[in-house]
Amino acid sequence: MSAIEKTSFNMKSLEPKPSEFTTEVLARFAREVAKYPNDQKQSAVMACLSIVQQVNGFISPGDELFLSGYLDMSPMAVHEVSTFYNMYNLEPTGTYKINVCTNLPCQLRGGQNALDYLCKKLNIQVGETTKDGLFTLQPGECMGACADAPVLLVNDRNMCSFMSTEKMDQLIDGLKETAANGSQS
Ligand code: FES
């Protein structure tokens, strides 16, 4: 075997394998696909990516490969969607992912200060997860609530407005308490 053949063999062994999903998850994908005409099932890609994230916590290369086959899209087209929207996690996060909006209108009303405050409070840098695995902190794009700045989003779903330091303290304490009681939301 030539050096080139050896290299290409090794490269191939590093390629992800399509993920496998339970019958229940497959049924959820199918329900999303059924909302669109037969020849437009790729329109369900965002919903299917969200389902993967709800099930696995993040979207792996194998998940993207599965969806590309399932939705008749190229792997790159799926990856373009998963990397365009910052609500998709491409690696594991803490139990609570907090996105603080740092776009300009929020910047003008304390958005960066809110992010800095949470970094200090949680003792992590932006993009990091706390050692106990509870919190991941990220900057966020405009959440359509500029008048409520500073705003943040918990786990891509729960919007928190007018986040003063006191309200952020309450939020973090409340989430810690919720986690300690064995519930996530
Ligand atoms: S700029 Fe922050 S919500 Fe719009």
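The values are calculated or read from the model by the stated rules, or taken from the named source; none is laboratory data. From a predicted model like this one, the values you see are computed outputs, not experimental measurements. A quick note on method: Cβ atoms are made from the backbone with ideal geometry, for glycine too, and the neighbour counts reach across all protein chains shown.
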Single condition residue 68 does not satisfy, out of (1) touching a His at 6+ places or on another chain (Cβ under 9 Å); (2) within 16 Å of the ligand (Cβ to nearest atom): (2)
Long-range neighbours under 9 Å by Cβ, at least six apart or interchain, first residue of a type in the set (Phe, Trp, Tyr) within segment 158-183, second surrounded by fewer than 17 Cβ atoms within 10 Å (Cβ to Cβ) and in a helix (DSSP H, G or I): 162/148
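Anything in segment 84-101 that is more than 16 Å from the ligand (Cβ to nearest atom) and over 21 Å from residue 172 (Cβ atoms)? List them, or say none. Walk me through how you get there before you give the answer.
Kept after step one, since they are more than 16 Å from the ligand (Cβ to nearest atom), are these residues of segment 84-101: 84, 88-97.
Within segment 84-101, 84, 88, 90, 91 qualify.
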Looking only at segment 102-125, and only at residues there that are of a type in the set (A, V, I, L, M) and away from the ligand (no atom under 16 Å from the Cβ), the one that is surrounded by the fewest Cβ atoms within 10 Å (Cβ to Cβ): 124
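To keep it simple, each residue is scored yes or no on (1) within 14 Å of the chain's Cα centre (by Cα); (2) under 26 Å from residue 43 (Cα atoms); (3) in the same structural domain as residue 65 (by TED's automatic domain parsing); (4) not hydrophobic (A, V, I, L, M, F, W, C).
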| residue | (1), (2), (3), (4) |
| --- | --- |
| 91 | yes, yes, no, yes |
| 108 | no, no, no, no |
| 120 | no, no, no, yes |
| 124 | no, no, no, no |
| 133 | no, no, no, yes |
| 150 | no, no, no, yes |
| 157 | yes, yes, no, yes |
| 162 | no, no, no, no |
| 170 | no, no, no, yes |
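Are there any helices (runs of 4 or more DSSP H) wholly within segment 36-91 with 2 or more residues that are charged (D, E, K, R), and if so which? Even if it seems obvious, please write down each step before you answer.
Values: elements: 45-56, 61-70, 75-84.
Where helices (runs of 4 or more DSSP H) fall fully within segment 36-91 and carry at least 2 residues being charged (D, E, K, R), they are 61-70.
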